[in-house]
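Worksheet for the structure shown next.
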Amino acid sequence: MKVLVPVKRVIDYNVKVRVKADGSGVDLANVKMSMNPFDEIAVEQAIRLKEAGQADEVIAVSVGVKQNQETLRTALAMGADRAILVIATEDVHTDIEPLAVAKILKAVIDEEKPGIVLAGKQAIDNDMNATGQMLAALTGWSQATFVSELTIEGDNAVVTREVDGGLQTIKVTMPTIVTVDLRLNEPRYASLPNIMKAKKKPLDEKSAAELGVDVTPRLKIASTSEPEARLAGIKVGSVEELVEKLKEVGAV
Amino acid sequence: MGVLLIAEVNSGTLSVDATAKALTAAKQIGDVTVLCVGSGCSDAAQAAAKLDGVSKVLCAQDDAYGHDLAEPVADLIISLSSDYTHIVAPSTSASKNILPRVAALLDVMIISEVTAVVDADTFERPIYAGNAIQTVKSSDLIKVATIRTSTFEAANEGGMANVESIDACANPGLSEWIEDKVAASDRPELTSAGIVVSGGRGVGSEDDFKIIEGLADKLGAAVGASRAAVDSGYAPNDWQVGQTGKVVAPDLYVAVGISGAIQHLAGMKDSKIIVAINKDEEAPIFQVADFGLVADLFDAVPKLTEQIA
């Protein structure tokens, strides 16, 4: 069985985001970029499936700009076998919408025929939380979102999902689209020898147009602004003072 | 213009707070029909019919709909979609699972976590963990959106809409529910509580989280946690507040032993009053706190619990 893992290149989660003064978006020029943290968890899980003998090949795929090569090399260094880059824009500031990404991934699935797709549940840049679900819709496959435990049993996958009230366990038919949550695993670091080896692993490049997908956005970004900042508060010296202040403002 | 609002129904009961808040957003767009889906949801439908501003309630009851499985519920919504210009739902784990699937089946983009309705095509939503607000205008014929409930006031009761039962669709049979692990609690629900007390990594253990719970119970509050506390096993996943957990905006938010990573702030910075208790005076949580107390939480929290009348 092949495992397909979509990975996104996003602003590093430690970087303080700056909105551009003209309101056109967030400044991504000369900013540290990394693999979306949820996607690292997906890559890790794919590699574990291979190590457990449940998968034969792990294919990482990324949609976006040429620079996504770096993100794919990270996935390869972690242990993915090969990578596919689908170039959908030349502008690092253009975010390809989940619907277009899902269509591109559908085209990749038609060629590669994986048994499972492991994706991050959400990208930490646009916070859409949508690509996996949309891909499941387009393929007509089952979907298992926000997954913190995954077991493959023959033609089914049994998953535990993190939901509002706690945990839900469901069984889904394979092939399936799984979106992973934080507690599924702790991703490994790539070792230096593996980083060197990753440079020789195959990385194919295609374009969205070659796959026949129109990536024109459906949502036009009218403006991007900073949220209102909270006014600075005060430090209190003791629990007594805190209680007094809370009573003053009627909070307790 | 017609809006189809998917109600939040849990075990046959309407989640009134979440649904009524999303209703406020839906009413700004047009005439609202509420859809209740569940294995038994007639009580939920009756409750939804009482919300002010609801024109009609549709009630789809079937065993296949009992556990918010995405595939059958998405197919049901699709079967109704041609009558509406908008399909919206409160942003919950159920709708975040189902609505992007609906959107893709309709070949439209999902608009996630809407925090303001500008007009019928234009919406505000946070990106980058709330560090930027994007205004987006949709060119799709049907708009599919999830509504971030913490930014809308709940609609009142006072309506008396008709309830209409509708047939279930065929179940594609791609998934099957096995079990739920839901901790029963007498505490208020996290996303609708007036007061939230949250603990972070600083609490140090699952046992020590009891002092957070003690303060919460004294205040009649819900209990929250930072990602670090959940990852460390001190608190269950459904307590997580933040970018990828729950977003809350209570009247009072008490952050205990939480450093205040932007991912956590994303889930609570719209709270009316924020209190931070942390022994590290450099902790970023103090930058958003109205009242900050630099203290050892094991000393301060029991004292605070005792002193609150």
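Where a number appears in this text, it was derived from the coordinates with a stated rule and is not lab data. Model, not experiment: these values are computed from the prediction. Neighbour counts run over all protein chains shown; Cβ positions are idealised from the backbone, glycine included.
Highest first, please rank the peptides B:244-257, B:203-216 by the mean number of other Cβ atoms sitting within 10 Å of their residues. Display every interim value, and only then the final one.
Numbers: B:244-257: 24.7, B:203-216: 18.3.
Those peptides, ordered most packed to least, come out B:244-257, B:203-216.
Scattering from the C-alpha atoms of segment A:44-180 alone, worked out with Debye: what is log10 I(q)/I(0) at q = 0.13, 0.14, 0.18 1/Å? With no solvent term, the Cα-only Debye profile gives -0.56, -0.65, -1.10. Between segment B:1-54 and segment B:287-303, the C-alpha centres lie 40 angstrom from each other.
Highest mean packing first, where packing is the average number of other Cβ atoms within 10 Å per residue, the peptides B:177-189, B:10-22, A:116-128 line up as A:116-128, B:10-22, B:177-189.
What's the average, rounded to a whole number, of partner chain beta-carbon atoms within 10 Å of each residue's beta-carbon in A:135-145?
On the way: counts 3, 9, 12, 4, 1, 4, 2, 8, 10, 3, 7.
Rounded to a whole number, the mean comes out at 6.
Can you pull the Kirkwood radius for segment B:203-309, inverse mean 1/r over Cα pairs, to one decimal in Å? Don't skip to the end; give the middle numbers.
Working: mean 1/r = 0.0736 Å⁻¹.
So the Kirkwood estimate lands at 13.6 Å.
Charge tally for B:Val9 (other residues, Cβ to Cβ under 10 Å; Lys, Arg +1; Asp, Glu -1): -3.
Give me the inter-chain shielding for A:220-229: mean count of other chain Cβ atoms within 10 Å, whole number please. It would help to have the intermediate numbers written out before the result.
Numbers: counts 7, 5, 8, 6, 7, 5, 3, 10, 3, 3.
Per-residue shielding by partner chains comes out at 6.
For segment B:119-255, the fraction of C-alpha pairs more than 21 angstrom apart is 61%. Size descriptors for segment B:68-181 (Cα atoms only): Rg and Dmax, in that order, 15.6, 43 Å. Taking all C-alpha pairs of chain B, those more than 23 Å from each other amount to 57 percent.
Across the protein assembly as shown, how large is the tail of the calculated P(r) beyond 35 Å, expressed as a percent of all Cα pairs?
Values: 56371 of 157080 pairs.
Roughly 36 percent, once rounded to a whole number.
Sort B:Asp68, A:Asp110 so that the residue with the fewest other Cβ atoms within 10 Å of its own Cβ comes first and the one with the most comes last.
Details: B:Asp68 24, A:Asp110 10.
Listed from fewest to most nearby Cβ atoms, that is A:Asp110, B:Asp68.
Once you average over the residues of B:134-147, how many Cβ atoms of partner chains fall within 10 Å of each Cβ? Could the numbers behind the result be given before it?
Numbers: counts 13, 8, 8, 6, 4, 5, 3, 0, 0, 2, 1, 0, 3, 0.
Shielding by partners across B:134-147 averages 4.
With K and R counted +1 and D and E -1, the other residues having a Cβ less than 11 Å from that of A:Gly233 yield a net charge of +2. Distance from the C-alpha centroid of segment B:85-161 to that of segment A:58-118: 27 Å, rounded to the whole angstrom.
Can you give me the relative contact order of chain B as a percent, contacts being Cα pairs under 8 Å and 6 or more apart?
On the way: 718 pairs, mean separation 45.5, N = 309.
That works out to 15 percent.
Comparing A:Lys200, A:Lys66, A:Lys235 in a Gaussian network model of chain A, where Cα atoms under 10 Å apart are tied by springs, the biggest mean-square fluctuation is seen for A:Lys235. Here, segment B:1-119 has an Rg and a Dmax of 12.8, 38 Å when only alpha carbons are counted.
When every Cα-Cα distance of chain A is counted in 10 angstrom steps from zero, the calculated P(r) takes the values 7, 28, 31, 18, 9, 6, 1 percent. Here the residues B:Trp239, A:Trp141, ranked from fewest to most Cβ neighbours within 10 Å of their Cβ, fall in the order A:Trp141, B:Trp239.
With runs of 4+ DSSP H residues as the only contributors, calculate the mean residue ellipticity of the protein assembly as shown at 222 nm using -39,500 (n - 2.57) per run, divided by the residue total and rounded to the nearest 500.
Dividing the helical sum by the residues of the protein assembly as shown leaves -7500 deg cm²/dmol.
Computed log10 I(q)/I(0) for segment B:1-62 at 0.12, 0.25, 0.28 Å⁻¹: -0.23, -0.95, -1.16, from the Debye equation with unit scatterers placed on every C-alpha and solvent omitted.
How large is Rg over Rh for segment B:64-124, taking Rg from the Cα atoms and Rh as the Kirkwood inverse mean of 1/r across Cα pairs?
Values: Rg = 11.8 Å, Rh = 12.3 Å.
Answer for segment B:64-124: 0.96.
When the listed pairs A:Lys171/B:Lys143; A:Lys66/A:Lys200; B:Lys27/B:Lys269 are checked against a 20 Å cut-off, the alpha-carbon distance exceeds it for A:Lys171/B:Lys143; B:Lys27/B:Lys269.
Viscosity 0.890 mPa s, temperature 25 °C: Stokes-Einstein D of segment A:143-207 from its Kirkwood Cα radius, in µm² per second?
Numbers: Rh = 14.2 Å.
Reported coefficient: 172 µm²/s.
Shown is the FRET efficiency for A:Asn194 and B:Lys303, computed with R0 = 41 Å from the Cβ-Cβ distance and rounded to the nearest 0.05: 0.20. Taking every Cα-Cα distance in segment B:121-187 and sorting them into 10 Å bins from zero, the calculated P(r) comes out as 11, 20, 30, 37, 3 percent. The charge dipole of segment A:84-148, taken about its Cα centre with unit charges on the Cβ atoms of Lys, Arg (+1), Asp and Glu (-1) only, comes to about 360 debye.
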